[in-house]
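Q: Here it is: the structure, laid out below.
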Amino acid sequence: MKQPKRYLVTSALPYANGPVHIGHLAGVYVPSDIYVRYLRGRGADVLSICGSDEHGVPITIKAKKEGITPQEVVDRYHRIIKESFERFGISFDIYSRTSSATHAETASAFFRKLYEQGDFIEQTTEQYYDPEAGQFLADRYITGTCPKCQSEGAYGDQCEKCGSTLSPTELIEPKSAITGATPVLRETRHWFLPLDRYEAFLRQWILTEHGAENGQGREVWKPNVYGQCKSWLDGGLLPRAVSRDLDWGIPVPVEGAEGKVLYVWFDAPIGYISATKELFARRGDAEGWRPYWQDEETKLVHFIGKDNIVFHCIVFPSMLRAHGGFILPENVPANEFLNLENDKISTSRNWAVWLHEYLDEFPGKEDVLRYVLCANAPETKDNDFTWRDFQARNNNELVAIFGNFVNRAMVLTHKYFGGRVPAADPAAGLTEYDRGTVGEMPRIKAAVEQHIENYRFREALREMMNLARLGNKYLADTEPWKVIKTDPARVATILNVALQITASLAIACEPFLPFTAKRLAGMLRLPERRWDDIGSLSLLAAGHELGEAELLFEKIEDSAVEAQLAKLEAAKAANAAACATVAPAKEEPVQFEEFTRMDIRVSRVVAAEPVPKTKKLLKLTVDTGLDTRTIVSGIAEHFTPEQLVGRQVLVLANLAPRVLRGIESQGMILLAESPTGALSIVAPEADEVPAGSVVG
């Protein structure tokens, strides 16, 4: 592809049914922002587009569980997500939302054009219907036993235990997630996009034009993206429904479609187009969006996670092809998944590091998280985030390498030359070692550029840090603190070179560490920052007055890391406590001897209070009839202390004690969870059953 005239960069629309966590950041938003900031630094015409995905079943499920409307759910999380991105320095040109009027109009018009062209297939199919709720059930509203791994709680579209893709009719003993009723099959009519019609086009565009040996000057797609697309194509494409029986979403804009909305994966990617329209409408240029979506000289890049590959590489391009008049993405650099402390990130288990909480708990350390997530980016395989590695990378790299070099260069200049950039010795000039050091800067700059332009952000970050390593080595080898005693003119040259490296570092680090770049430029009083000036020896003129030296980074102490690890352990314990349900009869059989080892006793709650600084934990004092003990239970989101005091509960009394948030928990109360996620206390029907009575 020739040099593009402009760039359009989109980032996967986060679901507005929960906050953003580090998995989202590492997979999509940090690499996207690095790429966009780099292009801006080069002076490119680039737009960064994103917004909240506010339709779909997960949002309606969340609303039902909380007893509020879907609109209230998306309003809450759109605000949290948008503010978190802004605080974290993700520099979108617009962060929109798919519940906007502009989006509804754009998506409806898109559907109507395909409908009027005859691009859809209308089919009447059988779909599960909940007779108690009186509605058809979307895939995620149906749960049952996975036919592949026999795990319970699989959804109608996927088993999260084994990862298998499913259809609702494959589930064993399906249940409605709304009422728990057994659903029945009923006929319903939907519109389908016949993906098989676009198979030849997709094979040419993906496998030939973007394969490893394309020979057409097109960008080669990452192996994970190419491989997943090839697998789908080799398996044969089938028509895919673009409508759903739901009451939340954009209504299907044709007659006879009452009670049906656009399927979220038809609706959501159109959000990139509608957000671009909205951006230019705000600028007073209603047609300004068109070149970015309809001019072949625009380079379109989608940043996504691997779970979105099929939609961005198969479904959305087929939609664009059917519509006509739109460009296709030049690249879709999808990342793999990021794990947390050697375990899969799970929002339902609260096993995550939430961005908005991190920003509150680590103020001023936005760039530390950006750095660690980029250094550990799951670009080619799943990777792991650990708090110990977070601490080590901050202390051993940002503090000891980057911060140390900048601080030494600044402090020595203030000490020896009154805070003004010294002139290089005109008589002696640069030594061979000086020239060798300076000559490394263009090589590093070129390497950073090559890696970013090929979506290898970890390697680009490593090369950027090589500028700081170069400066550290230069100062260590030249030892200006010793030379100053005998040759001040030589020290002037050394510090001039060191400060030019520092100024280049302030420019080169901006895509990765924008807050640090701004602070460093302020310390240097850098008059101008342009990417192509990296490596120049005239960024700071002789006599230029520097600002005061400040520490760019500070060490992260063990206590901060231990607090985060304790927080995760509390989440794990709270989840285990909340899920301590009566075991279903279908589970693997338990031998009688094993059952008799469980000491379950009728007990009474005599006191209850929230555990400080937690959302889910309650500290309960219970009378087991044998003793009075403390139990920490993760039920604060389901019961208030007032609802529990005086109630009888069943306690697993011989469970090994665990310390949660500094409190020793001496047992577990038994709860039952409904298919909708509601918890109930398991207790004797007769309240007069004496405390201490054994259940068995």
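The values are calculated or read from the model by the stated rules, or taken from the named source; none is laboratory data. Everything quoted here is computed from the prediction, not taken from an experiment. In this analysis, Cβ positions are derived from the backbone assuming ideal geometry, glycine residues included, and neighbour counts consider all displayed protein chains. To get the accessible areas, we keep the full protein, side chains included, count just its heavy atoms, and leave off ligands, DNA and RNA. Shrake-Rupley method; radii C 1.70, N 1.55, O 1.52, S 1.80 Å.
Q: Out of Phe553, Leu650, Pro4, whose Cα points farthest toward the positive end of the dipole of the chain (charges: +1 Lys, Arg; -1 Asp, Glu; placed on Cβ)?
A: Phe553
Q: Give the angle, between 0 and 90 degrees and rounded to the nearest 10, that separates the Cα long axis of helix 366-375 from the longest principal axis of the Cα atoms of the chain.
A: 90
Q: Between Ala542 and Glu72, what is 0.36 nm times their sequence separation minus the Cα-Cα distance? Round to one decimal in nm. Could the numbers behind the result be given before it?
A: On the way: separation 470, 0.36 × 470 = 169.20 nm, distance 5.87 nm.
Between Ala542 and Glu72, full extension yields an extra 163.3 nm.
Q: Let me spell out the model: positive unit charges on the Cβ of Lys and Arg, negative unit charges on the Cβ of Asp and Glu, origin at the Cα centre of segment 277-413. What dipole size does that give, in debye rounded to 20? Let's see the in-between values first.
A: Numbers: 15 positive and 21 negative charges, 17 e Å.
Dipole about the Cα centre, nearest 20: 80 debye.
Q: Same structure again: Given points 7 Å out from each Cα along the Cα-Cβ axis, report the Leu565 to Glu116 separation in nanometres with one decimal.
A: 6.3
Q: Same structure again: Taking the solvent-accessible surface of protein heavy atoms with a 1.4 Å probe, what is the per residue accessible area of segment 615-678 in Å²?
A: Working: 2960 Å² over 64 residues.
Normalised by residue count, the accessible surface of segment 615-678 is 46 Å².
Q: Where does each of 362-375, 183-196 land if you order them by average Cβ count within 10 Å, highest first? Mind showing how you got there, number by number?
A: Details: 362-375: 20.6, 183-196: 16.8.
Ranking, from highest mean packing down: 362-375, 183-196.
Q: Here's a follow-up. Considering only DSSP beta bridges where both residues belong to the chain, give the percentage that are antiparallel (nearest 5). Before the final figure, lay out each step's value.
A: On the way: 56 of 77 bridges.
Expressed as a percentage, antiparallel bridges in the chain total about 75.
Q: Considering only C-alpha atoms, what is the centroid distance from segment 257-329 to segment 20-46, in Å?
A: Centre-to-centre distance over Cα atoms comes out at 19 Å.
Q: Name the aspartates and glutamates eligible as straight-distance cross-link partners of Lys260: C-alpha to C-alpha under 17 Å, and not fewer than 8 places from it in the same chain.
A: Glu54, Glu105, Glu122, Glu126, Asp130, Asp139, Glu187, Asp245, Asp247
Q: Residue by residue, what Karplus-based ³J(HN,Hα) values in Hz, rounded to whole numbers, does segment 246-260 have, using 6.51, -1.76 and 1.60 with θ = phi - 60° and x for Gly and Pro?
A: Whole-Hz 3J(HN,Hα) from phi for segment 246-260: 9, 10, 10, x, 8, x, 4, x, 9, 5, x, 10, 4, x, 10.
Q: Find which of Thr614, Gln450, Cys149 sits farthest along the positive direction of the dipole of the chain, computed with +1 on the beta-carbon of Lys and Arg, -1 on that of Asp and Glu, about the Cα centre.
A: Gln450
Q: Next up: Using a Cα-Cα cut-off of under 12 Å, which aspartates and glutamates could be cross-linked to Lys65, ignoring same-chain neighbours fewer than 8 residues away?
A: Leaving aside aspartates and glutamates fewer than 8 places away in the same chain, those within reach of Lys65 are Glu637.
Q: For Thr493, Thr165, Thr208, give me the order by solvent-accessible area with a 1.4 Å probe, most accessible first, ignoring ligands, DNA and RNA.
A: The ordering from most to least exposed comes out as Thr165, Thr208, Thr493.
Q: Could you please put Tyr29, Tyr263 in sequence from largest to smallest accessible area, using a 1.4 Å probe?
A: Details: Tyr29 10, Tyr263 35 Å².
Per-residue accessible area, sorted high to low, gives Tyr263, Tyr29.
Q: Calculate the FRET efficiency for Glu187 and Ser231 from the Cβ-Cβ distance with a Förster distance of 41 Å, rounded to the nearest 0.05.
A: Working: r = 32 Å, r/R0 = 0.79.
E(calc), rounded to 0.05, equals 0.80.
Q: Helix-only estimate, please: 222 nm mean residue ellipticity of the chain, summing -39500 (n - 2.57) across DSSP H runs of length 4 or more and dividing by its residues, to the nearest 500.
A: Values: 21 runs with 254 residues, N = 696.
Mean residue ellipticity, 222 nm, calculated: -11500 deg cm²/dmol.
Q: What order do you get for 651-661, 515-525 when each peptide is scored by the mean count of other beta carbon atoms within 10 Å, highest first? Walk me through the intermediate numbers first.
A: Values: 651-661: 16.5, 515-525: 18.8.
Peptide ranking by packing, descending: 515-525, 651-661.
Q: Quick one: pull the percent of accessible area on the chain belonging to carbon and sulfur, 1.4 Å probe, ligands and nucleic acids left out.
A: Carbon and sulfur together cover 49 percent of it.
Q: A follow-up question, please. How long is the gain from Glu637 to Lys148 if the chain were fully straight, where each residue apart is worth 0.36 nm and the alpha carbon distance is subtracted? Don't skip to the answer; put the middle values down first.
A: On the way: separation 489, 0.36 × 489 = 176.04 nm, distance 3.34 nm.
In short, 172.7 nm is gained.
Q: Out of residues 5 or more away from Leu340 or on other chains, whose amide H comes under 5 Å of its own, with H placed 1.01 Å from N in the peptide plane?
A: Ile345, Phe385
Q: Right, next: Could you work out how far apart the two model spin labels at Glu550 and Glu173 are, taking each label as a point 7 Å from the Cα in the direction of the beta carbon, and quote it in nm?
A: So the two model labels end up 6.2 nm from each other.
Q: Still on this structure, I have one more. Taking the Cα centre of the chain as origin, sum charge times position over the Cβ atoms of Lys and Arg (+1) and Asp and Glu (-1), and report the length of that vector in debye to the nearest 20. Provide the component values of the computation, followed by the final result.
A: Working: 78 positive and 94 negative charges, 350 e Å.
In total the dipole reaches around 1680 debye.
Q: So for the pair Leu652, Asp93, with labels modelled 7 Å out along Cα→Cβ, what separation do we get in nm?
A: Each label point lies 7 Å from its Cα, and together they span 5.5 nm.
Q: Taking the chain as the reference, fit the longest principal axis to its C-alpha atoms, fit the long axis of helix 432-453 to the helix C-alpha atoms, and give the angle between the two in degrees, 0 to 90, nearest 10.
A: 30
Q: Averaged per residue, what accessible surface does segment 220-309 expose to a 1.4 Å probe, in Å²?
A: Numbers: 3670 Å² over 90 residues.
Here the residues of segment 220-309 average 41 Å² of exposed surface.
Q: Moving on to the next point. Quick one: ranking His638, His323, His414, His312 by accessible area, 1.4 Å probe, largest first, what do you get? Write out the running numbers ahead of the final one.
A: On the way: His638 80, His323 35, His414 55, His312 5 Å².
Greatest to least solvent exposure: His638, His414, His323, His312.
Q: Let me spell out the model: positive unit charges on the Cβ of Lys and Arg, negative unit charges on the Cβ of Asp and Glu, origin at the Cα centre of segment 325-405. What dipole size does that give, in debye rounded to 20?
A: Details: 7 positive and 14 negative charges, 15 e Å.
Using only the charged Cβ atoms, the result is roughly 80 debye.
Q: Next question, about the same structure. Which of Thr431, Pro684, Asn407 sits closest to the plus end of the dipole of the chain, meaning its Cα is farthest towards the positive end, when Lys and Arg get +1 and Asp and Glu get -1 on the C-beta?
A: The residue sitting farthest along the positive end of the dipole is Thr431.
Q: Just read off the accessible area of Ser538 with the full protein assembly in place, 1.4 Å probe, to the nearest 10 Å².
A: 90
Q: Collect residues whose amide H, placed 1.01 Å from N in the peptide plane, falls under 5 Å from the amide H of Gln666; neighbours closer than 5 in sequence don't count.
A: Here Thr630, Ile631, Val632 satisfy the definition.
Q: Taking the Cα atoms only, what angle lies between the long axis of helix 514-524 and the longest principal axis of the chain, rounded to 10 degrees?
A: 30
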